[in-house]
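In what follows, a structure is listed as structure tokens, so that the remarks can point back to it.
Readers should treat all values here as calculations from the given coordinates under stated rules, not as data from a laboratory. The structure displayed is predicted, hence computed values, not measured ones. All Cβ positions, glycine included, derive from the backbone under ideal geometry; neighbour counts span all protein chains shown.
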Amino acid sequence: MHVFSTLIPAVGLFAHLATAAYKLQDDYGTSDAFFDNFDFFTGTDPTEGYVDYVDRSTASQSGLIKASGGSVYIGVDSSNIARSPGRQSVRLSSTKSYTHGLVILDLEHMPGSICGTWPAFWMLGDNWPSNGEIDIIEGVNQQSTNQVALHTTPGCSVNDSGFSGSVDTSNCDVEASDQSANAGCAIVSENPQSYGDGFNKVGGGVYATEWTGDAIKIWFFPSASVPSDISKGSPNPSGWGTPIAAFGGNCDIDSHFEELQIMFDITFCGAWAGDVWSTGSCASKSSSCTSYVQNNPSDFTESYWSVNSLKVYQDGSSSSNVTASAAVGSYASTPLVSTPLVSPTPRPAWKHRRNGYQHGH
């Protein structure tokens, strides 16, 4: 059975050095024990999605999760007409939470650019938004490029420099008065291989998220151009070039982000994919998002994550706060781009909250 490596206790603030050697802390593995390290959320979807999140036993028996051939599969029901509360899916939150570190996700496949879907790979903490949220991979419907976003309490905004993506919103405060509700600060990748169908056509790739006291940076590497230091297990971000997103500037990272859990989910319709249904090409498929998702199970065969590896590293010159955690409550990830290779569609001004009181991914 796979087990985590020994934890290093926190002894102080994280002092980041650009050339610091990262050391492997947690390897989630690719056996069925991968799922031992996650809690399965089974409550009502806080994003009001048309989804039925199932427990581990049900997911395993229904083929929604499995481990084989050196990878982990996390998918949705693509065989049956859905019934209330929605199409069966899985939402996972890691049993550990992290403060600082380098999270590297190697994917062979992510959920495709499919009408009605809203997948996300992200990190968040309890007491949202006080502990922050990092959305690493996220999109809806036929989106073709990835959106990265942060969500915080007041007092955090980012500069428009040091990355290859495009800033859509710069204020990370979920209640910023000049942005849609819970927009946060969002950066949209301009790489058509970064999300959905485009990602899968090139055989997947690697997302690396470096979180220090100075900034949060995210890189994407298609499978054919993954840096050798990542492949060898000795990652060094200083040699990776320009990230697709870098969140720094007028933001004290350590006062807005701490003890975040790692999350995977795939939901349907709801407060993003559903709310923009009538404004895009998906509307030609059905009069409503819910009707489409309910009655077309075979259209969701490509709605799955195939994980080659998930590893968390820590700077060898410092310590990081890592704790075992109870299951996260009802949280959500934040949306914002809708149509392929065009400027992001403005989000609906939802009453969106990730702490579960109103909404959450």
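A few notes on this one:
- The residues packed around Thr42, meaning those with a beta-carbon under 14 Å from its beta-carbon, carry a net charge of -3 if Lys and Arg are +1 and Asp and Glu are -1.
- Computed over segment 250-317, Kirkwood Rh from alpha-carbon pairs, angstrom: 16.0
- Computed on segment 141-196, the Cα convex hull volume stands at 80 Å³ per residue.
- Separation of segment 68-102 and segment 140-161, taken as the distance between their Cα centroids, equals 22 angstrom.
- Note that segment 41-57 has calculated 3J(HN,Hα) couplings of 7, 10, x, 5, 4, x, 8, 6, x, 8, 8, 10, 6, 10, 7, 5, 4 Hz, one per residue in order, obtained from phi through the Karplus relation 6.51 cos²θ - 1.76 cosθ + 1.60 (θ = phi - 60°); glycine and proline are x.
- Between the alpha-carbon centres of segment 189-205 and segment 227-264 there is a gap of 20 Å.
- ³J(HN,Hα), Karplus 6.51/-1.76/1.60, whole Hz, each residue of segment 193-204, x for Gly, Pro: 9, 7, 8, x, 4, x, 4, 5, 5, 9, x, x
- Gyration tensor verdict on segment 27-139 (Cα atoms; rounded if a/c is under 1.5, prolate if a/b is larger than b/c, oblate otherwise): oblate
- The calculated P(r) of segment 100-255, using every Cα pair and 5 Å bins from 0, goes 2, 10, 19, 22, 21, 15, 9, 3, 0, 0 in percent.
- Once both labels are positioned 7 Å from their Cα atoms along Cα-to-Cβ, the gap between Asn236 and Asn127 label points is 3.9 nm.
- Thr95 long-range amide H proximity, modeled H, under 5 Å: Phe38, Asp39
- Whichever lysines have a C-alpha closer than 18 Å to that of Lys96, once near sequence neighbours (fewer than 8 apart) are set aside: Lys23, Lys311
- When the Cα positions of Tyr50, Gln25, Ile74 are compared along the charge dipole of segment 24-76, Ile74 comes out farthest toward the positive end, with charges on each C-beta of Lys, Arg, Asp and Glu.
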